[in-house]
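To start, the structure itself, in structure tokens.
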Amino acid sequence: MPSTDGTYWTTDEKLFRTLPGSDEVTIWFGFIPSFHDWEIERLDVTAGKATIVFKARRTTSEIDARGFFVSDRHAHVSIHVDEITGISLVGDAGSIVHDLGIRRVAAEQGGWATAAGPQIGDLELTWESSIGLEGSFYAREIRFSVQPAQARVAGLGRLPTPFPG
């Protein structure tokens, strides 16, 4: 994502690995995803908390007979945001994510007319979209959960073991 100073930033991988549930995400997909082309299926905001549910998949390098990339590892990935200190949303309700980043707030964020706003050390979750809603949540806590589509269909109650690569 572009910063206000013109630099580009994306997810702080070291920080991502410390967030609760991040291991479920990396085990399921095999890496830390960029959330590219994931669809926001649901966004709930209530009393200082938010949940964003993504219809997610891993895109492989394999091409199908129609010339499209093959996707696998379908799942619903939820990001739970707790103790929100700021929200900025703009666009339509439907959304296809272009890029999503998570980092710590490094400087005071001004311009919050109705709230104290994000503080240094809070977490920032920001996404840009190819189409639809984009925005940012600032909060004290972020955690993840994964509901693999295969597990729902097959009735499995656990995530797969890590795979090579």
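The values are calculated or read from the model by the stated rules, or taken from the named source; none is laboratory data. Model, not experiment: these values are computed from the prediction. Reconstructed Cβ throughout: ideal geometry from the backbone, glycine too, with neighbour counts over all protein chains shown.
Values for this structure:
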{"read-out": "Selection within the stretch 87-111 - farther than 21 Å from residue 132 by Cβ and either within 18 Å of the chain's Cα centre (by Cα) or part of a strand (DSSP E or B) (or both)", "value": "103, 104, 105"}
{"read-out": "Candidates 50, 116, 107 - the one that is closer than 17 Å to residue 145 by Cβ and among the small types (Gly, Ala, Ser)", "value": "50"}
{"read-out": "Test: residue in the stretch 52-73 that is touching a Gly at 6+ places or on another chain (Cβ under 9 Å) and crowded, with 19+ Cβ neighbours inside 10 Å", "value": "yes"}
{"read-out": "In the stretch 53-82, residue farthest from residue 136 (Cα to Cα) [restricted to those that are among the β-branched types (Val, Ile, Thr) and touching an Asp or Glu at 6+ places or on another chain (Cβ under 8 Å)]", "value": "70"}
{"read-out": "Candidates 62, 83, 128, 124, filtered to the one that is of a type in the set (Asp, Glu), in a strand (DSSP E or B) and touching a Pro at 6+ places or on another chain (Cβ under 8 Å)", "value": "124"}
{"read-out": "Restricting the stretch 81-102 to residues that are buried (at least 18 other Cβ atoms within 10 Å of the Cβ) and either farther than 15 Å from residue 35 by Cα or of a type in the set (Val, Ile, Thr) (or both), the residue that is modelled with the highest pLDDT", "value": "81"}
